[in-house]
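The values are calculated or read from the model by the stated rules, or taken from the named source; none is laboratory data. Quick caveat, the model's predicted, so the values are computed rather than measured. A quick note on method: Cβ atoms are made from the backbone with ideal geometry, for glycine too, and the neighbour counts reach across all protein chains shown. Please note that ligands, DNA and RNA were not included when accessible areas were found on the heavy atoms of the full protein model with its side chains. Shrake-Rupley method; radii C 1.70, N 1.55, O 1.52, S 1.80 Å.
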Amino acid sequence: MAHLIRHKLSNKLTNAAHTVSNKSQAKVSGVFARLGFQAATDEEGLGFAECDDLDYDYRQGMQMDVLQGEEEGAHVEGDGDLDGDSHYQRDGTGPRPASLKTGGSLDEDKPKITTWEAGWNVTNAIQGMFVLGLPYAILHGGYLGLFLIIFAAVVCCYTGKILIACLYEDNEDGIKVRVRDSYVDIANACCAPRFPALGGHVVNVAQIIELVMTCILYVVVSGNLMYNSFPGFPVSQKAWSVVATAALLPCAFLKNLKAVSKFSLLCTMAHFVINVLVIAYCLSRAREWAWEKVKFYIDVKKFPISIGIIVFSYTSQIFLPSLEGNMHRPSEFHCMMDWTHISACVLKGLFALVAYLTWADATKEVITDNLPSTIRAVVNIFLVAKALLSYPLPFFAAVEVLEKSFFQDGGRAVFPDCYGPNGQLKSWGLGLRVTLVVFTLLMAVFVPHFALLMGLTGSLTGAGLCFLLPSLFHLKLQWRKLLWHHVFFDVAIFVIGGICAISGFIHSVEGLIEAYRYNIHD
């Protein structure tokens, strides 16, 4: 009897000690979680609890589920559930949090998008205004240019899928768990532990370059379209670019894109209508199509520029991680990528071929410049409106990256925060935005060549973000789980992308230098 009493007493003391230890550990780790740190995963068992608002905001809206211990650690006799656990896991397979501190559900705070809405976003990215430069790529590449339109669609679809695969890791049960949130997280994971932030810096620089170059292209194409729409006006293309930039200065005061997004759908629909009008005009001249002009030879000097143009027209990898994370059914991401890129490939190939067959060697950098003057003015005005309304999207994204990197990076920020306590934009923050708008104008004025700038951007950042980095990251993070043909595809894409990027960049720079010298002598 004495032995039994001592045994029960010992068990109660042990349970009490475990209770105190677990509670103190939960409180300490809860503090770390609110500071943005992620604790180690409990090896004994997994459960889920609610996410607090601070952690929700810090993770930029990505779901963070709390992992609790097993029944022995989570439920102790006479004490109930522990007050918060420290173990976090980014996974959508467990039960939803019951509620948030605000009283709403997680789905209400962060609504998910359907597969069709995700596909519409990808379509907008890869079927935009820059399709207007594809007939010019056929001019210098012939049938090989058409093949590259198909090849780029296949490769960009594949690299988009493997980029999303890098967001996931298998847990102890073999279930895929989303452990990363963005392209930057993937890059940092590949460079860890020696250089944990290097990859993120590289991706951010490439992202800023691509976004700023996209803004420059919108200004260039606006000036080009207006100049060719009204050739009788005593206004140069550079002057039209200045007028377009003056209309874009209010972008410096943007705090969000709610107002702009309302016009995006209308602009996209208008662009599709314009493409249909161009194709309809080309079909009306089908009897005059110059099939003999489409050959298998390539212009060795200018064809690498065409590669950059084609690649740039497919760039969407930057926002794919965020898009997939916001999908209601992430399992349908692969299917969505397939049908969006197949449709883009078919439409781009038909548009480029039909337009080139109509004008052959007279094909210009922006295909609408080949239209008759009566149609050209109307079509170009709609395109200019779309370009000006599309400008705020990459501009705002570039500003956000710059502000977070140099103004809002906690104690590591180079400059003071550009927002006041009440959210009001400070003078240097406004100066940053105005400077960025003026910079896009200066680039458009000094380098007013749509095809060369598009080829340079596609070769420099497009090939890097769409070909090189996804294949490299996939090999680095998923090496042990890859089959031999996946390894072959990744290596082949990396090599081909590297060759295309280097050759396209060199020839684009040479073309820009030659065009600049010509403008000076002219």
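Values as computed for the structure displayed
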{"quantity": "Evaluated at q = 0.12, 0.25 Å⁻¹: base-10 log I(q)/I(0), Debye formula over Cα of segment 327-376", "calculated": "-0.45, -0.92"}
{"quantity": "Under 20 Å from the residue 151 label point (7 Å along Cα→beta-carbon), backbone N, segment 282-307", "calculated": "294-307"}
{"quantity": "Fully extended contour minus Cα-Cα distance, from residue 143 to residue 235, at 0.36 nm per residue", "calculated": "29.3 nm"}
{"quantity": "Cut-off under 5 Å, modelled amide H: who pairs with residue 177 long-range", "calculated": "169, 170, 171"}
{"quantity": "Å² of accessible area per residue within segment 303-462, as computed with a 1.4 Å probe and no ligands counted", "calculated": "38 Å²"}
{"quantity": "Viscosity 1.002 mPa s, temperature 20 °C, Stokes-Einstein D of segment 119-200 from Kirkwood C-alpha radius, µm²/s", "calculated": "136 µm²/s"}
{"quantity": "Overall dimensions of segment 290-411 as given by Cα atoms, namely Rg and Dmax in Å", "calculated": "19.6, 64"}
{"quantity": "Per residue value of the accessible surface for segment 159-300 (all protein chains in place, 1.4 Å probe), Å²", "calculated": "53 Å²"}
{"quantity": "Stokes-Einstein D in µm²/s, Kirkwood radius over Cα pairs - segment 425-522 at 37 °C with 0.692 mPa s viscosity", "calculated": "203 µm²/s"}
{"quantity": "Sites residue 194 and residue 506 - FRET efficiency at Förster radius 25 Å, r taken between beta-carbons, to 0.05", "calculated": "0.20"}
{"quantity": "Rounded to whole Hz, the Karplus (6.51, -1.76, 1.60) HN-Hα couplings of segment 454-471, x for glycine and proline", "calculated": "5, x, 5, 5, x, 6, 7, 9, x, 5, x, 6, 9, 10, 5, 5, x, 5"}
{"quantity": "Span per principal axis, largest first, for the Cα atoms of segment 211-354 (Å)", "calculated": "49, 42, 33"}
{"quantity": "Length released on extending from residue 406 to residue 439, taking residue separation times 0.36 nm less the Cα-Cα span", "calculated": "10.1 nm"}
{"quantity": "Carbon plus sulfur fraction of accessible area for segment 143-289, probe 1.4 Å, in percent", "calculated": "71 percent"}
{"quantity": "Segment 175-219 - Debye-derived log10 I(q)/I(0), Cα point model, q = 0.14, 0.16, 0.18, 0.21 Å⁻¹", "calculated": "-0.44, -0.53, -0.60, -0.70"}
{"quantity": "Rough spin-label spacing in nm, given labels placed 7 Å along Cα→Cβ, for residue 428 and residue 332", "calculated": "4.7 nm"}
{"quantity": "Fully extended contour minus Cα-Cα distance, from residue 246 to residue 171, at 0.36 nm per residue", "calculated": "21.6 nm"}
{"quantity": "For segment 457-498, fraction of C-alpha pairs farther apart than 14 Å, in %", "calculated": "42 percent"}
{"quantity": "Built amide H within the under 5 Å cut-off of residue 113, gap 5+", "calculated": "327, 328"}
{"quantity": "Sorted peptide list for 443-454, 175-186, criterion being average Cβ within 10 angstrom, highest first", "calculated": "443-454, 175-186"}
